[in-house]
Amino acid sequence: MSITKYFLNDFRHGMTVVFKHLFKPIVTMQYPEEKWRPYARFRGAPGLDTKKCAVCCMCTNVCPAGAITIIGKENEKGEKLIEKFEIDASRCIYCGLCAEYCPRSAIILTGGYELSVFDKKELIYDLAHLEDNVKKYMINDEGGVIEKTKK
């Protein structure tokens, strides 16, 4: 078989594949206009419910990346309060161990997946940002659906 005949057979096969898929419906998601809704077990942006947190530091001890920092204090009644709670998202591996081992289910991994920032300092989530993640990204329904956003 000559090289030109071999090339023509490959070219013909490639073009049949192209024309076979040319008239099928488009499966590519148009990202800014269409957004994927995550499933309930999706591990995205971390969030914190401060009312449930007992400042036991279990999440800090179990985190394999060492991304969680907790500083607590006691009030005059002897109750533990959160003074500082930070999660460094640049170190977090989103394994979900912090949420799994939290005895009061105060830490949750929400459905937030658009986590890119321009400044690395913004990847350190403080207490207010973690509380905001719970409100903004909680998953309540069936995931895997593509939502069209309005402009």
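Derivation of every value follows stated rules applied to the coordinates shown; laboratory data play no part. Fair warning: this is a prediction, and the values are worked out from it, not measured in the lab. As a convention, Cβ positions derive from the backbone with ideal geometry for all residues, glycine included, and neighbour counts pool all protein chains shown.
Taking GluC sites (Glu not before Pro) as exposed when their DSSP state is a loop state and no more than 14 other Cβ atoms lie within 10 Å, the longest site-free interval of the chain runs over 34-75.
Measuring from each cysteine beta-carbon in the chain, the ones with no other cysteine beta-carbon under 4.7 angstrom are Cys53, Cys56, Cys57, Cys63, Cys92, Cys95, Cys102.
Site pair Ile124 and Val27 shows an inter-label distance of 4.4 nm when each label is modelled 7 Å from Cα along Cα→Cβ.
Legend: distances between Cα atoms for Lys51/Lys73; Lys52/Lys121; Lys80/Lys136; Lys52/Lys120; Lys80/Lys120; Lys51/Lys120; pairs beyond 19 Å are Lys52/Lys121; Lys80/Lys136; Lys52/Lys120; Lys80/Lys120; Lys51/Lys120. Charged neighbours of Met58, selected by a Cβ distance under 14 Å, balance to +2 (K, R count +1; D, E count -1). Within the listed set Thr28, Thr110, Thr16, the residue fluctuating most in the Gaussian network model of the chain (springs between alpha-carbon atoms under 10 angstrom) is Thr16. Dipole orientation for the chain: of the candidates Phe23, Gly112, Ile93, Phe23 has the Cα lying most toward the positive pole (charges on Cβ; Lys, Arg +1; Asp, Glu -1).
Using the Stokes-Einstein relation with a Kirkwood hydrodynamic radius computed over Cα pairs, the translational diffusion coefficient of the chain at 25 °C and a viscosity of 0.890 mPa s comes to 130 µm²/s.
Relative contact order of segment 35-148: what whole-number percent is it, with Cα pairs under 8 angstrom and at least 6 residues apart?
Relative contact order comes out at 43 percent.
Between Gly47, Gly111, Gly14, the GNM of the chain built on Cα springs shorter than 10 angstrom shows Gly14 fluctuating the most.
For segment 32-39, the Karplus equation 6.51 cos²θ - 1.76 cosθ + 1.60, evaluated at θ = phi - 60°, returns couplings of x, 7, 10, 10, 7, 9, x, 6 Hz by residue, with Gly and Pro reported as x. Note on Val17 and Ile82: the model spin-label points, each 7 Å out from Cα along the C-beta direction, lie 5.1 nm apart.
If the segment from Leu8 to Cys95 were pulled out straight at 0.36 nm per residue, it would be longer than the present Cα-Cα gap by 26.3 nm. Taking 0.36 nm per residue of separation and subtracting the Cα-Cα distance, full extension of the segment from Cys57 to Ile71 would add 4.2 nm.
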